[in-house]
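Q: Handing you this structure, nothing more for now.
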Amino acid sequence: MDFLIRRCNEKDFEVIYEIVNDAAQVYKGVIPADRWKEPYMPAEELRHEIDDGVVFWGYEEGGELIGVMGIQDVQDVTLIRHAYVRTERRKQGIGSNLIAHLRSLTDRPILIGTWADAAWAIRFYEKHGFHMVSTEEKTRLLKKYWSIPERQVETSVVLAEKRWGEKT
C-alpha cells in the first residue's frame, strides 16, 4: 500500500494524542512506576510540547495516520521526540520511514532521549546509526537540551548520531 509522510497540523491533534497513548502502553510495567501515568501523555502535555516547538510528522496510509514522530530544534541540535506507531502496526518499517524522513530535514546533530529500560527503543535507534552516550554526557545533554524532571534524567538515556563527538 502507498504511504505518505507529511507534516501534521492542528486537525491531527486528537489522532496524535490517540497514537501516542496507544503506543505508550508498551512502557507500562517497564519504565519506573513513578514515571508512568494514565494517560501517558495528557492532552495538555501534548499541547505544551507542540507549543514548545515539537513539530510532528505523520506516516499516513489510506488517509489514516499510523505513526508519528516529532522533531524539535533546540539551540544547536535537533531532537527527535515522541516517536510512536499504533500498536497493531509495529514492526512494519513505519518508524524506520519516519526517522529517515526526519533525518533528511536537518543538518544539525540529532539527539534522541528515551527510557533506559526501553530496550526495544534503544535497539531501534542503534539500528539506525545512533549510539548511547556515556552516563555523564547523558546527564549533561538532558539538562542542556530537554526540560524534564530530575527523576526522568536519572531514568533515561541519550542516543546520538555516530558523528557526535560528545562536545556540543
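Q: Would you confirm whether or not the stretch 105-127 contains a residue that is of a type outside the set (A, V, I, L, M) and touching a Pro at 6+ places or on another chain (Cβ under 6 Å)?
A: Within the stretch 105-127, not a single residue is of a type outside the set (A, V, I, L, M) and touching a Pro at 6+ places or on another chain (Cβ under 6 Å).
Q: Here's something else I'd like to know. Looking at the stretch 91-107, which of its residues are among the basic types (Lys, Arg) and within 15 Å of the chain's Cα centre (by Cα)? Can you show your working first?
A: Step one: list which residues in the stretch 91-107 are among the basic types (Lys, Arg), which gives 91, 103.
Listed by number, the list holds a single entry, Arg103.
Q: Within the stretch 149-163, identify whether any single residue is surrounded by 14 or more Cβ atoms within 10 Å (Cβ to Cβ), at pLDDT 95 or above, closer than 26 Å to His48 by Cα and of a type in the set (Gly, Ala, Ser), and answer yes or no.
A: So far as the stretch 149-163 goes, yes, one or more of its residues are surrounded by 14 or more Cβ atoms within 10 Å (Cβ to Cβ), at pLDDT 95 or above, closer than 26 Å to His48 by Cα and of a type in the set (Gly, Ala, Ser).
Q: For the stretch 59-70, what are the residues that are of a type in the set (Gly, Ala, Ser), touching a residue at least 12 places away in the same chain (Cβ under 8 Å) and farther than 18 Å from Ala121 by Cα?
A: Across the stretch 59-70, the qualifying residue is only Gly62.
Q: While we're on this one: Of Tyr145, Tyr125, which residue is closer than 19 Å to Gly67 by Cβ and touching a residue at least 24 places away in the same chain (Cβ under 8 Å)?
A: Selected residue: Tyr125, the only one of Tyr145, Tyr125 that is closer than 19 Å to Gly67 by Cβ and touching a residue at least 24 places away in the same chain (Cβ under 8 Å).
Q: Could you go through the stretch 111-130 and let me know if any residue there is of a type in the set (Asp, Glu) and more than 14 Å from Leu79 (Cα to Cα).
A: So far as the stretch 111-130 goes, yes, one or more of its residues are of a type in the set (Asp, Glu) and more than 14 Å from Leu79 (Cα to Cα).
Q: The conditions are (1) at positive phi; (2) of a type in the set (Gly, Ala, Ser); (3) modelled with pLDDT of 95 or more, and Gly62 fails exactly one of them. Which is it?
A: (3)
Q: Now for a separate question. Would you point out the residue of the stretch 115-148, among those that are surrounded by 15 or more Cβ atoms within 10 Å (Cβ to Cβ) and β-branched (Val, Ile, Thr), that is nearest to Arg81 (Cα to Cα)?
A: Ile122
The values are calculated or read from the model by the stated rules, or taken from the named source; none is laboratory data. Keep in mind that this is a model prediction, so the values were computed, not measured. Glycine gets a Cβ as well: all are built from the backbone with ideal geometry, and neighbour counts include every protein chain shown.
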